[in-house]
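Engineer: Take a look at the following structure, please.
The values are calculated or read from the model by the stated rules, or taken from the named source; none is laboratory data. Just so it is clear, the model here is predicted, and its values are computed rather than measured. Cβ placement follows ideal geometry from the backbone for every residue including glycine, while neighbour counts extend to all protein chains displayed.
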Amino acid sequence: MTNMFPAYAIIAIFLWLSSTVLMSITKSDKRLSTTALIMTFSSSILLVMLIVHSWSALQRPPLRTIGETRLWYSVFLPLVGLATYRKWHFSWIVIFCNAMAILFVVLNLFKPENFDQTLMPALQSPWFVPHVVLFMFSYAVLGGAALVALKTVIKEKTGSTALVQNTEITDTLVKVGFSTFTIAMMFGALWAKEAWGHYWTWDPKETWALLSWLSYHMYILYRYKAAHTGKVPLILLLVAFVSILICWFGLHLVPGAKGSMHVYN
Amino acid sequence: MTKLSALLKTLTAFTLTLFAGYILERYGPPLPLQAFQWPVNIIILSLFTCTVVGLQSIKPVSAWLSSSSTLISALAMMTIEVMVLGIFPQTHLQDVLRPSLWGFHSVLSSWPWFISQVLLLLVLGSHISKQIVRKDFTSLGVLQLGAWIVLIGAQLGYVDMERCWVRVAEGNRADIAFDSGGKAIDLGFSISLQDFIMEEYAPKIFTVIPQPEGQSPKKIESQRACHRGLTESLGEYEIAVEKYLPYALRGHNDFFPSDTGLTVHAAFVTAKKEGKLYSGWLSSGINQMKPHGLFLEDSVALFMDRPKPKSYSSTIVVKDSISLDDTLSVRVNKPMKVKGWKIYQRGFDKSRGRWSRICVLELVRDPWLPFVYSGIFMIIAGALLFLFSDNRKENQ
């Protein structure tokens, strides 16, 4: 990323923190909540500007390194919070999404990356941007679902109205996240055929992506077709999100994942 | 029976079946993967599809097979196997037939995997058939049908897929390729390498600072690639690049630009620290020539990194004894098709870098690809439909 990242990051963190404080104290004051929402939206716009600036400076899409993908995640996650708030009007959703976005930006501040314009030949493909951007968007949406699930599992009682309502939220978020995750995975298969000669090579990244996909598919069937309620599907969501985190940046922890072609550098 | 107890019963039954697969893997014969070659695989596909559709007429069986509890259980079995695949290092399918006792290190050629796949295809197929028969095909059903096609096509078609490699030197010709087992494959046409071209990114400069005993030296890399006029702080030194030659040969004490020969990247740099000035040449080197560095005080040294490839391609001529005579440019992400084979640019002589006179090409022939692709596009269509679907309608 560029030298300007710390400046952008600090302003974005300030906006998220301010939005979080306002959302925490607002009960029915529409002006306060609108101000908070504008601040959250502005932080995403600010980071989009940083992405555009980085793209121009690096002369390649800023999607190659782990820090760059964390940046995209920090753009999408607060927007997921805003969209969810728009439909269900729960301020805690915006607060949780802001908090997670702050965490990812702070991680980038503590682990600054070198300015690197290189893009290996295998990544120079029209599939690169849609494949990775769709994945980051789906991670953000499924991350939002995990935050709702976590809050519900900890705070709500089985059979309560809040649990039922929050499960409706997770159903919608999983529907969006699963669909985009699926499309991103298929784009990867089509790209792999052009780049590596086979659409699926059981590369560790692909294996863990499939594991995540299977987990969310089971959640959808469990909720949609079997119509199970309660905390069990939400716990399944949390486990599924762990597999996404391993797939995204935890592969180095898994012994079977050495030699993956999907290496962040 | 409540839905949850039905799910638990099916999960238990499937887990026991999977466990039986592990016992079979440990004490039984190896899975006869090669038996699934054409035409056996197409016969299996036809029979399996007929079985799945035919089972719809046996009410109790079809009701159980097409229930969501059974499908969740079947997905859970596949999830267990994929988790084993993701956690344990795997040996290549063709390396050893039985490399691990319980199949943990060779999941894809193990009995538990085979059992989990058969279960899933049977159950998923029944689930989809029920939707089609009832004319109640949801968007998730489209996605699942695509997944069924991909799963069965990829696995039955795997043994029919041919992958081989050919290594060609400039001016030479090859008409035999070799697969990963070393078996020679007659391509039916010859490949000659006319030219191998590689573009490189300008390399970066880095400083190496020795650390106390027992610790690895510290490496500080420049932020930007080497170019004339670059100035940066690396450690305690202010570095400036006064000259940069992307194609240079080594002279007596310096480097000079050249159009011919095994040229390297070279730069004349200065390094300043507390009023002291050091200057000298750096070069990236290639295997035939060591990189050239600049040694500063306190054993600190300045070097130039190896340049990274930006793009590379092979211009090849393909000919056969009849009418084929084409000149093609094969590059990464842009394979070329010749007589049913797809040719991929895979490698080159790394010791010579951009001066490689050898290219490594991979050739792939996959007759099941159109079938699998139809499944992939159906999955994408199903996902898009699901994305815009009504939650309530999907819940029915």
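Engineer: For B:L156, only one of the following conditions fails: (1) more than 13 Å from chain A (Cβ to nearest Cβ); (2) of a type in the set (A, V, I, L, M, F, W, C); (3) closer than 30 Å to B:C226 by Cβ. What is its number?
Structural biologist: Only one criterion in (1) more than 13 Å from chain A (Cβ to nearest Cβ); (2) of a type in the set (A, V, I, L, M, F, W, C); (3) closer than 30 Å to B:C226 by Cβ is unmet by B:L156, namely (3).
Engineer: Which residue, of A:T158, A:T152, is at pLDDT below 90 and away from chain B (no Cβ under 11 Å)?
Structural biologist: A:T158
Engineer: Would you mention how many residues in the stretch B:103-146 are hydroxyl-bearing (S, T, Y), under 20 Å from B:G382 (Cβ atoms) and assigned to a helix (DSSP H, G or I)?
Structural biologist: 3
Engineer: So which residues in the stretch B:1-44 are within 14 Å of chain A (Cβ to nearest Cβ), surrounded by 15 or more Cβ atoms within 10 Å (Cβ to Cβ) and outside any helix (DSSP H, G or I), if there are any at all?
Structural biologist: none
Engineer: Same structure, new question: If you scan the stretch A:197-213, which residues turn out to be surrounded by fewer than 20 Cβ atoms within 10 Å (Cβ to Cβ), aromatic (F, W, Y) and more than 7 Å from chain B (Cβ to nearest Cβ)?
Structural biologist: none
Engineer: Having 2 or more residues that are out of contact with any Pro (no Cβ under 6 Å at 6 or more places or on another chain), among the aliphatic types (A, V, I, L, M) and over 22 Å from B:G353 (Cα atoms) is the bar; report the strands (runs of 3 or more DSSP E) wholly within the stretch B:247-291 that clear it.
Structural biologist: The qualifying strands (runs of 3 or more DSSP E) are B:264-273.
Engineer: Same structure, new question: Can you find a residue that is touching a helix residue (DSSP H, G or I) at 6+ places or on another chain (Cβ under 9 Å) and surrounded by fewer than 18 Cβ atoms within 10 Å (Cβ to Cβ) anywhere in the stretch B:113-129?
Structural biologist: Yes, some residue in the stretch B:113-129 is touching a helix residue (DSSP H, G or I) at 6+ places or on another chain (Cβ under 9 Å) and surrounded by fewer than 18 Cβ atoms within 10 Å (Cβ to Cβ).
Engineer: Would you check which residues across the stretch A:243-255 are farther than 15 Å from A:L150 by Cβ and part of a helix (DSSP H, G or I) and list them?
Structural biologist: Scanning the stretch A:243-255 gives A:S243, A:I246, A:C247, A:W248, A:F249, A:L251, A:H252, A:L253, A:P255.
Engineer: When residues of the stretch A:182-193 are filtered for being at the interface with another protein chain (Cβ under 7 Å from one of its Cβ atoms) and within 13 Å of B:Y373 (Cα to Cα), how many remain?
Structural biologist: Of the residues in the stretch A:182-193, 3 are at the interface with another protein chain (Cβ under 7 Å from one of its Cβ atoms) and within 13 Å of B:Y373 (Cα to Cα).
Engineer: Of all residues being of a type in the set (S, T, Y) and facing chain B (nearest Cβ under 10 Å) in the stretch A:94-145, which is nearest to B:I220 (Cα to Cα)? Just the residue, please.
Structural biologist: Once the filter is applied, the top-ranked residue is A:T118.
Engineer: Does B:V53 meet the test of being part of a helix (DSSP H, G or I), without any contact (Cβ under 8 Å) to a residue 40 or more places away in the chain and either over 17 Å from B:T12 (Cβ atoms) or at the interface with chain A (Cβ under 9 Å from one of its Cβ atoms) (or both)?
Structural biologist: no
Engineer: Moving on to the next point. Given the options A:I244, A:I235, name the one that is surrounded by fewer than 21 Cβ atoms within 10 Å (Cβ to Cβ) and away from chain B (no Cβ under 11 Å).
Structural biologist: A:I235
Engineer: Kindly indicate the residue of the stretch B:306-317 that is surrounded by fewer than 21 Cβ atoms within 10 Å (Cβ to Cβ) and within 14 Å of chain A (Cβ to nearest Cβ) and also farthest from the chain's Cα centre (by Cα) among those meeting that condition.
Structural biologist: B:R306
Engineer: Could you identify the single residue in B:K243, B:K290, B:K276 that is in contact (Cβ under 8 Å) with a residue 24 or more places away in the chain, of a type in the set (D, E, K, R) and closer than 28 Å to B:K218 by Cα?
Structural biologist: It is B:K243.
Engineer: Out of the residues in the stretch A:169-181 meeting the condition of being more than 7 Å from chain B (Cβ to nearest Cβ) and touching a residue at least 60 places away in the same chain (Cβ under 8 Å), tell me which one is nearest to B:L361 (Cα to Cα).
Structural biologist: Among those residues, the one meeting the criterion is A:V174.
Engineer: Additional query: Take B:S192 and decide whether it is over 23 Å from B:I316 (Cα atoms) and assigned to a strand (DSSP E or B).
Structural biologist: Criteria not met by B:S192.
Engineer: Quickly run through the stretch B:322-371 and pick out the residues that are basic (K, R) and over 20 Å from the mean Cα position of the chain (by Cα).
Structural biologist: B:K339, B:R352, B:R354, B:R357
Engineer: Here's a follow-up. So which residues in the stretch A:6-56 are charged (D, E, K, R) and under 20 Å from A:K111 (Cα atoms), if there are any at all?
Structural biologist: Matches in the stretch A:6-56: none.
Engineer: Let me ask another. Mind telling me which of the residues A:A184, A:A195, A:A240, A:A162 ends up being touching an Asp or Glu at 6+ places or on another chain (Cβ under 6 Å) and either free of Cβ contacts under 8 Å to residues at least 40 places away in the same chain or part of a helix (DSSP H, G or I) (or both)?
Structural biologist: One residue alone meets the criteria, A:A162.
Engineer: Please specify each residue of the stretch A:214-232 satisfying the condition of being farther than 14 Å from B:I72 by Cα and more than 10 Å from chain B (Cβ to nearest Cβ).
Structural biologist: Across the stretch A:214-232, the qualifying residues are A:T229, A:K231.
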